[in-house]
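No value in this document is a laboratory result; all are computed from the given coordinates. Because the structure is a prediction, the values reported are computed rather than measured. For neighbour counting, all protein chains shown are included, and Cβ atoms are generated from backbone atoms with ideal geometry for every residue, glycine included.
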Amino acid sequence: MKIAIFADAHVYPHGPFARVDESGLSSRAQTILNAMQKVFTDSDDCEEIWCLGDLFHSKDRLLVREFNEVYRLFQGNRSKDRKVRLIAGNHDYVSGASRESSLVGLSKVVDFVYWRETCSEGFRCSNGIAKVCFVPWEGEIPAPAQIEEIWGSERYRSGPNILVGHVAVEGAIVGSREYQPPAGTPLTMFDHFDLVLLGHYHKRQSVTSKVHYVGSLVAHDFGDAGEVRGFTKLNLDTLETEFIPLATPRFLIVRDGDKRLTDYEEKEISGNYVRVDSREPCEDEDAVRAMFESRGALGVVFNYEREYSDQARLSITVDTPLQDTLRQYVEREKASLDAERLLRVAEETMEEKEC
């Protein structure tokens, strides 16, 4: 039995370079919807499709047009022979207080929505019953005793224990900047599982030999620079996984100085978004943008890096609040502060916190 698995689609109309067409649907939302459709069309050999959270992006306000398009996509691919299961991610809840999930509105066009609590299902495989725990955001990771209680009868003794869900685990990496969050679910919580497949962090990675993030369905911003995105096929008989890359726009960072900007070829640029990093302002941004766009770039932005001098230290201690440290820094640097870069850093920090 094979399962097609994707995560972190983050359907949303806005984002870098988004354009709105005559239908009112943005190019960004359309890119994500097209990728979701490819999961269906490229997984004819799979009996089920599982989404491991963050199908939507807006937490407190679900946009009607995008929700309707997602609804129609699942409705158009509804099949008696292939079940669809959705697990709620942190972005799929209306608020942390109510814990009400936007995925509930899709219940009529998918087979299962896991959003209130962890659920367990059994699937026949070649060596018995594959016991799968579906864990939504902040859902409970079943302990060995709970697994034994749920699957304690002799009938279920054979077959693997599998966990799929939307979970932050220790030791995982966020994005291409190799940032490692200081907290997360301890890896020891998964010792009694044979395989763990997760959504939440967008970088496709293996945290241990059996704990893996499947990665986001598409690249979302320059934090995903250079990454190839897609979905995963899981063989329940062997527990082997296969990554299926999708031809969706990538975010590329080119650095002026690594080689001449004119040396970047069309095959590197075409169909992707480009950011030009340089220490010196470009003499003619319009000409460089036109050059990349003539080679197929979907959009071009510029990022000018600053060289920082070793100035007098700020008057801070280990107990100084972060906000006070930032205020001192801004006060000292306000004459030369790069406001655009400061905003970008703030935006990237917020994206990491919300991913």
### Query
Which percent of Cα-Cα pairs in segment 2-245 sits in each 10 Å bin, short to long?
7, 32, 38, 18, 4, 0
### Message
Sorting check: for 2-15, 54-67, 221-234, 72-85, which peptide has the highest mean count of neighbouring beta carbons within 10 Å, and how do the rest follow?
### Response
2-15, 221-234, 54-67, 72-85
### Message
Tell me the relative contact order for segment 2-245 as a rounded percent, counting alpha carbon contacts under 8 Å between residues six or more apart.
### Response
20 percent
### Message
Filter K80/K203; K210/K267; K80/K131; K203/K259 down to the pairs with a C-alpha to C-alpha distance above 30 Å, please.
### Response
K80/K203; K210/K267
### Message
What is the distance in Å between the Cα centroid of segment 31-77 and that of segment 182-235?
### Response
19 Å
### Query
Sorted from fewest to most neighbouring beta carbons within 10 Å, what does the list C119, C51, C133, C46 look like?
C119, C46, C133, C51
### Task
Treat the count of other C-beta atoms within 10 Å as a stand-in for reagent exposure and order D92, D284 from fewest to most.
D284, D92
### Query
When the Karplus curve 6.51 cos²θ - 1.76 cosθ + 1.60 is applied with θ = phi - 60°, which whole-Hz ³J(HN,Hα) does each residue of segment 136-143 get, with x for Gly and Pro?
x, 4, 6, x, 7, 7, x, 7
## Note on the structure
Quick note on D286, D194, ordering by fewest other C-beta atoms within 10 Å, gives D286, D194
### Task
With a ≥ b ≥ c taken as the square roots of the eigenvalues of the C-alpha gyration tensor of segment 133-187, please select rounded if a/c is under 1.5 and otherwise prolate if a/b is larger than b/c or oblate if it is not?
prolate
